[in-house]
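Heads up, the thing below is written out as structure tokens.
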Amino acid sequence: MKAREIVLSGVFAALTAVGAQISVPLGPVPFTFQVLMVFLSGLVLGAKLGTLSQVIYLLLGALGLPVFARFSGGIIHIYGPTGGYLLAFPIAAFISGYFSEKTKSSWGKLGGCLLGLGIIYILGWVRLGIWLDMDFKKAFYLGVAPFIVFDIIKALIALVISERIKNVVR
């Protein structure tokens, strides 16, 4: 792995941390810009480096650095109500990056982002449902439904700006 690739992965891990701090509390799951950064990491860096950037982000947070929402950190967040969302970030970055590498079509790339978003929602919803004593209906209404429209908009924004960022990164 080249030094440039490691640096770019670190930059996108840092951007995800910044996105986490743009936070509006909505119950156990806050509204943040992490998902936008997850999509950007995959779309700009590709599957391998996008995934690495999100793994770095999770490791930094698990080690206690305040990179998660509301300047928090620690392994407890991985096991807490939002842990499923966090653990899905590398998978979503991989999927959006994979689609970005395999297709030139904006629709294909958007499909990759939306598939990644589905993974984030599924893992997050299941973890939140377990945390809520197996109340998966409540978990859906707290942790998925309020975010769908905004996260689709984030995917569209990521798609639009990723090409410009790619040109700068190259």
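The values are calculated or read from the model by the stated rules, or taken from the named source; none is laboratory data. The structure presented is a predicted model; accordingly, all values stated were derived computationally and were not measured. Note: ideal-geometry Cβ built from the backbone for every residue, glycine included; neighbour counts use all protein chains shown.
Out of 11, 55, one residue alone is over 29 Å from residue 145 (Cβ atoms), hydrophobic (A, V, I, L, M, F, W, C) and assigned to a helix (DSSP H, G or I). It is 11. Among all positions in the stretch 67-77, there is at least one residue which is farther than 21 Å from residue 40 by Cα, in contact (Cβ under 8 Å) with a residue 12 or more places away in the chain and of a type in the set (Phe, Trp, Tyr).
Within the stretch 126-159, the residues that satisfy the criterion of being under 20 Å from residue 22 (Cα atoms), in a helix (DSSP H, G or I) and free of Cβ contacts under 8 Å to residues at least 40 places away in the same chain are 145, 148, 149, 152, 153. For first residues located in the stretch 42-62 and at positive phi, partners that are buried (at least 24 other Cβ atoms within 10 Å of the Cβ) and assigned to a helix (DSSP H, G or I) and lie 6+ apart or on another chain with Cβ distances below 8 Å form the pairs 46/97; 46/100. With respect to the numbered conditions (1) under 20 Å from residue 151 (Cα atoms); (2) touching a residue at least 40 places away in the same chain (Cβ under 8 Å); (3) surrounded by 15 or more Cβ atoms within 10 Å (Cβ to Cβ), which one is the sole condition not fulfilled by residue 26? Tallying (1) under 20 Å from residue 151 (Cα atoms); (2) touching a residue at least 40 places away in the same chain (Cβ under 8 Å); (3) surrounded by 15 or more Cβ atoms within 10 Å (Cβ to Cβ), residue 26 fails exactly one: (3).
For every residue, the table says whether it meets (1) under 16 Å from residue 158 (Cβ atoms); (2) charged (D, E, K, R); (3) assigned to a helix (DSSP H, G or I).
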{"position": "4", "(1), (2), (3)": "no, yes, yes"}
{"position": "41", "(1), (2), (3)": "yes, no, yes"}
{"position": "48", "(1), (2), (3)": "no, yes, yes"}
{"position": "59", "(1), (2), (3)": "no, no, yes"}
{"position": "66", "(1), (2), (3)": "no, no, no"}
{"position": "89", "(1), (2), (3)": "yes, no, yes"}
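Going by the structure shown, is residue 42 within 26 Å of residue 136 (Cα to Cα) and either modelled with pLDDT of 95 or more or among the acidic types (Asp, Glu) (or both)? So residue 42 fails the test. Among the residues of this structure, residue 111 counts as one that is free of Cβ contacts under 8 Å to residues at least 60 places away in the same chain and assigned to a helix (DSSP H, G or I). Identify the residue in the stretch 97-121 that is β-branched (Val, Ile, Thr) and surrounded by 15 or more Cβ atoms within 10 Å (Cβ to Cβ) and, among all such residues, is nearest to the chain's Cα centre (by Cα). So, considering only residues that are β-branched (Val, Ile, Thr) and surrounded by 15 or more Cβ atoms within 10 Å (Cβ to Cβ), the one nearest to the chain's Cα centre (by Cα) is 120.
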